[in-house]
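Working notes, beginning with the structure itself.
The values are calculated or read from the model by the stated rules, or taken from the named source; none is laboratory data. It should be emphasised that the depicted structure is a prediction, and the values quoted were computed from it without experimental measurement. Positions of Cβ are backbone-derived with ideal geometry, glycine not excepted, and every protein chain shown enters the neighbour counts. Side chains are part of the model used for accessible areas, which takes the heavy atoms of the whole protein and leaves out ligands, DNA and RNA. Shrake-Rupley method; radii C 1.70, N 1.55, O 1.52, S 1.80 Å.
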Amino acid sequence: MIKRAVVRGVGHYLPERVVENAEFEASLDTTDEWIRTRTGIERRHFAAEGETTSQLAVKAAQAALADAGLAATDIDAIVVATSTPDFTFPSVATMVQAGLGSTTGFAYDVQAVCAGFVFALANANGLILSGQATRVLVIGAETFSRIMDWTDRGTCVLFGDGAGALVLEAAEGSGTAGDRGILSVDLHSDGRYREILYVDGGVSSNGQAGHLRMQGNAVFKHAVQKLAETAHTALDKAGLDGGAVDWIVPHQANLRIITATAERMNVPMERVVVTVQDHGNTSAASIPLALSVGTARGQIKQGDVVVTEAIGGGLAWGSVVLRW
Ligand code: COA
């Protein structure tokens, strides 16, 4: 028998304000038609003034805890993936801990931009397999609307705000791919590509939050190639092939990237959870949001093989394969 990190609950929260593509037509040289056909995005949610990443994260965490039938005090560790924290410090995770009314366990953030949730999931898996925690809340939460340059039509139409959360719990497994829980992890980064996707501000450089800068085309090419590769490797590590995949739950950046990756993996689009049309790119929140929406839609069911994959600034990318 071996230990596995099994999903016990899932939940999400989206800010109330929905912004349709057409709203950008008033201030930018863009059209709903261009945004839809180039990205698949139709609308996104933006946080209200004063609404912060930790507030979104607390609501997503509460939904995941309710789904798991657990209280915050049942949780040993909270890991939050975010690149848009409320403050330089303390971590969003400790603010979530306080927001949930818990004083037990430990909490911290991880930062791998749009790949953040995959890295956080891998990290939480490590906490469980090493015996440091029995139940971990893993959250992806972002307010990317705060780092947009609203004059840059190549980026500001792409991103949205939101949060998603999973409760992982230690369970006994047989060590085969038939086990529920996280089956394999594959992570990568290559810091040489900093210039194609970055924020032009920060604590130690200019003391500002900065704005997101991106060479969309270059990121697109890396994404299509690297995402299929890492998903293949993770499936190999789990002892599975593309035919075993019930659901790809990709990072939701661009429908064309999602489609091209699924094609390269030989998985039909009927087995891909797509939420980008309604959420835009919510960075580290996009995968847990899609897991939560995919479960609520009745797509993802207990026992299904789920492949998550994501790439983001760094570059950092990776894949986690799990049986739901
Ligand atoms: N509305 C209208 N035109 C736009 C536009 C917008 N919102 N944004 C860019 N354009 C224009 C460009 O200015 C360019 O015009 P030009 O030919 O006159 O210079 C033209 O569209 C083509 O630009 P290009 O960047 O080549 O388009 P694209 O097909 O690559 O699509 C992205 C742009 C950003 C949608 C696409 O590259 C992409 O999604 N990349 C990946 C981004 C990503 O996922 N990043 C996050 C990873 S976590």
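Accessible surface area normalised per residue over the chain is 40 Å², counting heavy atoms of protein chains with a 1.4 Å rolling probe. Spatial offset of segment 28-66 relative to segment 82-145 amounts to 19 Å, using the alpha carbon center of each.
Of the residues L129, H12, T104, the one whose Cα sits farthest towards the positive end of the charge dipole of the chain is L129 (charges of +1 on Lys and Arg Cβ, -1 on Asp and Glu Cβ, taken about the Cα centre). Annotation for segment 11-56: GluC sites (Glu not before Pro) lying in DSSP loop with at most 11 further Cβ atoms inside 10 Å of their Cβ are E16, E49. Each residue of segment 242-252 is assigned a 3J(HN,Hα), and the resulting list reads x, x, 7, 6, 7, 9, 8, 10, x, 4, 9 Hz, derived from the Karplus form 6.51 cos²θ - 1.76 cosθ + 1.60 (θ = phi - 60°), x at Gly and Pro. Per atom type, segment 6-100 shows carbon and sulfur on 51% of its accessible surface, probed at 1.4 Å. Computed over protein heavy atoms with a 1.4 Å probe, the carbon and sulfur contribution to the accessible area of segment 190-324 reaches 48%. Rounded to the nearest Hz, the phi-derived 3J(HN,Hα) couplings of segment 257-274 under the Karplus curve 6.51 cos²θ - 1.76 cosθ + 1.60 (θ = phi - 60°) are 5, 4, 5, 5, 5, 4, 4, 5, 8, 6, 10, x, 4, 5, 10, 10, 7, 10, where x marks glycine and proline. The mean sequence separation of alpha-carbon pairs under 8 Å and at least six residues apart, normalised by the residue count of segment 2-122, gives a relative contact order of 25 percent. Of the trypsin sites (Lys or Arg not before Pro) in segment 189-265, which ones lie in a loop per DSSP and count no more than 16 other C-beta atoms within 10 Å? Those that pass, being in a loop and sparsely packed, number zero.
Among G243, G154, G207, the largest mean-square fluctuation in a Gaussian network model of the chain, built with springs joining Cα atoms closer than 10 Å, belongs to G207. Computed from backbone phi, the HN-Hα couplings of segment 29-37 come to 7, 8, 9, 4, 4, 4, 5, 4, 6 Hz, rounded to whole numbers (Karplus: 6.51 cos²θ - 1.76 cosθ + 1.60, θ = phi - 60°; Gly and Pro given as x). For G173, the shell of other residues with beta-carbons less than 11 Å away shows a net charge of +2, using +1 for Lys and Arg and -1 for Asp and Glu. Comparing F159, F24, F89 in a Gaussian network model of the chain (Cα springs below 10 Å), the most mobile by mean-square fluctuation is F89.
Annotation: amide H of G201 within the under-5 Å range of H211, sequence separation 5 or more or interchain, hydrogens built in the peptide plane.
Protection proxy ranking, highest mean first, for peptides 288-299, 133-144: 133-144, 288-299, where packing is the per-residue count of other beta-carbon atoms within 10 Å, averaged. Taking all protein chains together, T230, T73 sort by accessible area into T73, T230, largest first [probe 1.4 Å]. The alpha-carbon of K301 sits under 27 angstrom from the alpha-carbons of these lysines, leaving out residues fewer than 8 places away in its chain: K3, K59, K237. Think of it as helices only: each DSSP H run of n ≥ 4 in the chain is worth -39500 (n - 2.57), and spread over all residues that comes to -9000 deg cm²/dmol at 222 nm.
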